[in-house]
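Engineer: Sharing a structure, written as structure tokens. Questions coming.
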Amino acid sequence: MDLVDAVLAGDRLSLARLLTQVENDTPAGRAALDRLFPHTGRAHLVGVTGSPGTGKSSLVNQLAQVYRHPGDEQTAQRVAILAIDPSSPFSGGALLGDRVRMRDLAGDAGVFIRSMASRGAVGGLARSTAAAVHVLDAAGFDLVLIETVGAGQSEVDIARLAHTTLVVEAPGMGDDIQAIKAGILEIADILVVNKADHPGVENTERALRAMLEMGHPAHKGLGPAADSHEFWLPPVLRSIASTGEGAAEIVSAIRAHAVYLRTSGEWRRREYERLQNTLETLIQQALVSRWREGVSEEKIENCVAQLCERTTTPYQAMKELI
Ligand SMILES: Nc1nc2c(ncn2[C@@H]2O[C@H](COP(=O)(O)OP(=O)(O)OP(=O)(O)O)[C@@H](O)[C@H]2O)c(=O)[nH]1
Ligand SMILES: [Mg+2]
């Protein structure tokens, strides 16, 4: 049995190996992606983003527990966790820390955890994350939780990749409206105020709701808007990820969001955008590397030198080079 067949059959070691190939963008990795692609499109992709140390990894751990032990006679779902660039300088040694926070999940065959560093990702983090997500989707995980530290562009990229995006805030970090990064509310489908055991939860909630009301004038009732098929009003939910409090409600909101996405046609629209984006990224990379092969480093340096001396213009230099 080759690697791809083994992954489709659910072999974890093969899955880990294949993810490494895909991350390194090897020819074998690309060929595997081609074969896996027809098996993708089933998983619910959920992005979890937010400032460093707000409790994303702890929350992801708790969410996974809920999916594994849902109660109410619902069937347990298979969960993959992709932690992107978990080397936050704030919590230090986060990779090891994440393993500790996620140790409750160790030994559960229905859970697969993978860390990915942005450094070393051939062709950029967006490409390797998208590729890893395809592999996990094809491997049959019902849910792929993608954790990423909110640091500007990366969270927007993840939102583009995910069907549902959770933005995690914590008291003391989001009280000041200025502190909530511009754009983050636009990507949030569900807002979580974690560390609800800390003082200042109400302030953080109030700040978030004030911002939501500005963005969504209809957002006055402020609860999960699962009953609406027309539009989705991002709910603001509390959690204590260190104990698991609030995790079940967040899972309910994630499920409600999936229902909304499907009934409104938004699921298809996001899928279209996501694949369009994947294709455009690949095309750009291919064109740039093809162009690089046909032009010498010296020629590029000459052009830049001429630009510095103002003997040519950026447009002229570009025409000269391509
Ligand atoms: N009191 C309290 N502590 C929490 C809660 N959630 C997480 N923590 C703690 O906060 C610290 C950071 O939690 P993480 O889950 O690593 O946070 P993170 O957002 O994944 O951190 P980075 O990935 O480094 O950005 C850990 O010491 C957790 O135990 C909570 O709800 N209440
Ligand atoms: Mg983390």
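Engineer: Of these, T54, T75, which one is under 30 Å from A241 (Cβ atoms), of a type in the set (S, T, Y) and more than 16 Å from ligand 2 (Cβ to nearest atom)?
Structural biologist: Exactly one residue qualifies, and that residue is T75.
Engineer: Right, here's the next one. For the subset of the stretch 198-240 comprising residues that are outside any helix (DSSP H, G or I) and among the charged types (D, E, K, R), which member is modelled with the highest pLDDT? First the steps, then the outcome.
Structural biologist: At the first step, the residues of the stretch 198-240 found to be outside any helix (DSSP H, G or I) are 198-200, 216-240.
Pick out the ones that are also among the charged types (D, E, K, R) and you get 220, 227, 230, 238.
Details: K220: 48, D227: 51, E230: 67, R238: 97.
Across the stretch 198-240, the extreme among qualifying residues is R238.
Engineer: Here's another thing I want to ask about it. Please give the number of the condition A80 fails out of (1) aliphatic (A, V, I, L, M); (2) assigned to a strand (DSSP E or B); (3) within 13 Å of ligand 2 (Cβ to nearest atom).
Structural biologist: (3)
Engineer: Which ranges mark the helices (runs of 4 or more DSSP H) fully within the stretch 83-164 that have 1 or more residues being more than 16 Å from ligand 1 (Cβ to nearest atom), touching a helix residue (DSSP H, G or I) at 6+ places or on another chain (Cβ under 6 Å) and modelled with pLDDT of 60 or more?
Structural biologist: 125-138, 153-161
Engineer: Provide a single number: the residues in the stretch 35-70 that are in a loop (DSSP other than H, G, I, E, B) and either over 19 Å from A248 (Cα atoms) or within 13 Å of ligand 1 (Cβ to nearest atom) (or both). Walk me through it before giving the result.
Structural biologist: Pass one, the stretch 35-70, residues in a loop (DSSP other than H, G, I, E, B): 40-43, 51-55, 69-70.
Narrowing the set further to residues that are either over 19 Å from A248 (Cα atoms) or within 13 Å of ligand 1 (Cβ to nearest atom) (or both) leaves 40-43, 51-55.
Going through the stretch 35-70 one residue at a time, the tally reaches 9.
Engineer: Which condition number in (1) modelled with pLDDT of 60 or more; (2) open to solvent by less than 20 Å² (accessible area, probe 1.4 Å) is the one that T243 fails?
Structural biologist: (2)
The values are calculated or read from the model by the stated rules, or taken from the named source; none is laboratory data. All values reported here derive from a predicted model rather than from experimental measurement. Cβ sites come from the backbone with ideal geometry, for glycine too, and all protein chains shown count toward neighbours. Heavy atoms of the whole protein, side chains included, go into the accessibility calculation; ligands, DNA and RNA do not. Shrake-Rupley method; radii C 1.70, N 1.55, O 1.52, S 1.80 Å.
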